1. Suppose the filter is modelled with pLDDT of 90 or more, surrounded by fewer than 17 Cβ atoms within 10 Å (Cβ to Cβ) and part of a helix (DSSP H, G or I); does N52 pass it?
2. Within segment 56-68, is even one residue assigned to a loop (DSSP other than H, G, I, E, B) and more than 24 Å from I6 (Cβ to Cβ)?
3. Can K103 be described as touching a residue at least 60 places away in the same chain (Cβ under 8 Å), of a type outside the set (V, I, T), over 22 Å from L20 (Cα atoms) and not in a loop (DSSP other than H, G, I, E, B)?
4. Identify, from the list E107, E12, the residue that is farther than 30 Å from Q129 by Cβ and not assigned by TED's automatic domain parsing to the domain that holds Q129.
5. Of all residues being surrounded by fewer than 16 Cβ atoms within 10 Å (Cβ to Cβ) and of a type in the set (A, V, I, L, M, F, W, C) in segment 73-98, which is modelled with the highest pLDDT? Just the residue, please.
6. Taking into account only those residues within segment 1-32 that are surrounded by 10 or more Cβ atoms within 10 Å (Cβ to Cβ) and among the basic types (K, R), which is nearest to L66 (Cα to Cα)?
Amino acid sequence: MTGLVIKLKPNEKVLVNGVLLQNGDRAARIRVRSSDVSILRARDAIPKEEANTPLKRVYYIAQLALAGEADSDQAVHELLQGLNALKGVFPGEAGEDVLRALKAAQEKKFFVVMRALKRHFEFEEALLQRSPAMAEALAS
């Protein structure tokens with residue numbers, strides 16, 4: 001069996017093609033068979049006011065595109081700009097994930113972009129706290 005499997009906790013919310021759905025009282029597994037569906041779990045979304053670092057801003061753009069709240073072509077353009085600016089900033093695994101996100105953005109795979117970036121939020125925060133000059137440079 002192929003397809004995306006979504007595991008939902010009790011009462012968890014998920015956005016499917018712009019429609020907000022909420023799971024019932026029990027955990028559930030849903031297999032999505034269509035390949036052209038946009039799915040965003042509420043737990044993967046960040047509010048606009050939390051998109052306050054370069055990595056989170058790029059993540060937020062991908063989130064808007066995935067949720068259907070942004071034009072996908074414009075989002076790709078903005079993602080490529082943001083990710084290209086971040087390419088040389090992150091070392092090691094984080095740098096590899098930025099490159100993975102860059103490739104995914106070119107293919108309009110917005111969830112892959114988000115998944116590649118989200119796990120590095122804390123690392124980015126540590127980098128910004130260690131280097132105020134870097135924080136200033138990334139902010140502009």
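The values are calculated or read from the model by the stated rules, or taken from the named source; none is laboratory data. Nothing here was measured: the structure is a model prediction, and the numbers come from that model. Counting neighbours? That spans all protein chains shown, and the Cβs are built from the backbone with ideal geometry, glycine included.
1. Working: modelled with pLDDT of 90 or more: yes; surrounded by fewer than 17 Cβ atoms within 10 Å (Cβ to Cβ): yes; part of a helix (DSSP H, G or I): no.
Against the criterion (modelled with pLDDT of 90 or more, surrounded by fewer than 17 Cβ atoms within 10 Å (Cβ to Cβ) and part of a helix (DSSP H, G or I)), N52 does not qualify.
2. no
3. no
4. E12
5. My answer is L80.
6. If we take residues in segment 1-32 being surrounded by 10 or more Cβ atoms within 10 Å (Cβ to Cβ) and among the basic types (K, R), then K13 is nearest to L66 (Cα to Cα).
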